[in-house]
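First comes the structure, then the notes that go with it.
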Amino acid sequence: MDPVQSYDILRNLTAPVVAITAARGTKLNGMISDAAVRASIVPDIPRVAVFIHKVNYTHDMVFETGRYGLHLLHQDQFRLIEQLGFVSGRDRDKLADIPHRLGSLGCPLIEDCWAWFECRVINVMDAGSSTWFLADVVDLGRGPGKEIMTPSYMRAHLPESWREPYLKNLARAQAWAREHSRDIRPIVWKGLTP
């Protein structure tokens, strides 16, 4: 199998571009992803799932707290993609200059988005280089955005000066994932200790 062809084809299964936020103690963080999906068709049991690479600082925050904010981005949010996606939260406060509020679970919620969800983790699955977090949506809202940001739209409209850093970050993430993708360990999610 040609890995370039498989990657190009698999890219079409990608979800919209999202921001995932988390809080642990006084520390807030956020990241950009294209790995979030609806996980329920039952209107009164809203659920979502996100895959977060274990190398991301947000991963540990979500795993330890059992909660996250999920934001569908709109097409005018390239600046937010740069703020949350091009640096690590280990190095700086990524939400410092981004207007947000804390939701009922304490998750940072970014109001300028297409829609936001506040989520409580109900199960996890180890995927080697990442963890799949299944969550109940405990609150949600609609933002002012008009058109949802898709990965193909993002790549097609990425500012030229960001292309090189984006490709370097992508290559670094792919190398890390390649090294850790086969190390899958079963996890029994027992929830959080009260």
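Specify the inter-centroid distance of the range 94-122 and the range 142-194, based on alpha-carbon positions, in whole Å. Taking the Cα centre of the range 142-194 as reference, the centre of the range 94-122 is 18 Å away. Here the simple spin-label model places points 7 Å from the Cα toward Cβ, and for ILE45 and ASP2 these points are separated by 4.3 nm. With R₀ fixed at 45 Å, the C-beta to C-beta distance from ASN123 to SER161 puts the FRET efficiency at about 0.65.
Treating the beta-carbon of each Lys and Arg as +1 and of each Asp and Glu as -1, no other charges, what is the dipole magnitude of the range 65-194 about its Cα centre, to the nearest 20 debye? List each step's numbers first, then the result.
Numbers: 17 positive and 16 negative charges, 74 e Å.
That gives a dipole near 360 debye.
Shape class of the range 112-175 from the Cα gyration tensor (axes a ≥ b ≥ c, square roots of the eigenvalues): oblate, since a/c reaches 1.5 or more and a/b does not exceed b/c. State log₁₀ I(q)/I(0) for the range 6-55 at q = 0.13 Å⁻¹ as given by the Debye formula over alpha-carbon point scatterers of equal weight, solvent excluded. Rounded to two decimals, the profile gives -0.44.
How many lysine pairs are close in the chain, with Cα atoms under 25 Å apart and the two 8 or more places apart or on different chains?
Numbers: LYS27/LYS54; LYS27/LYS94; LYS27/LYS190; LYS54/LYS94; LYS54/LYS168; LYS54/LYS190; LYS94/LYS146; LYS94/LYS168.
Eligible lysine pairs with Cα atoms under 25 Å apart amount to 8.
Please work out the Cα convex hull volume for the range 10-180 and give it in Å³ per residue.
Working: hull volume 20.3 nm³, N = 171.
Residue-normalised Cα hull volume stands at 118 Å³.
Write out the trypsin sites (Lys or Arg not before Pro) in the range 1-106 meeting two conditions: DSSP loop, and at most 14 other Cβ atoms within 10 Å of their Cβ.
Values: sites: ARG11, ARG24, LYS27, ARG38, ARG47, LYS54, ARG67, ARG79, ARG90, ARG92, LYS94, ARG101; in loops: LYS54, ARG90, ARG92, LYS94.
Taking the range 1-106 and a limit of 14 other Cβ atoms within 10 Å, the loop trypsin sites (Lys or Arg not before Pro) found are ARG90, ARG92.
Considering only Cα atoms, the convex hull volume of the range 22-94 works out to 110 Å³ per residue.
Panel note: the C-alpha atoms of the range 152-191, placed on their principal axes, show extents of 44, 24, 15 Å (largest first).
In the elastic network of the chain, a GNM with C-alpha springs shorter than 10 Å, the most mobile of VAL50, VAL17, VAL42 is VAL42. Each Cα pair under 8 Å and six or more residues apart adds its separation to the average, and for the range 10-180 the resulting relative contact order is 26 percent.
Where the centre of each part is set by its Cα atoms, how far does the range 1-70 sit from the range 73-90, in angstrom? Their Cα centres are 14 Å away from one another.
Since every read-out is calculated from the coordinates, none of them should be taken as a lab result. Everything numeric here is computed off the predicted structure, so don't read it as measured data. Methodologically, a virtual Cβ is constructed for each residue, glycine included, from the backbone with ideal geometry; neighbour enumeration extends over all protein chains shown.
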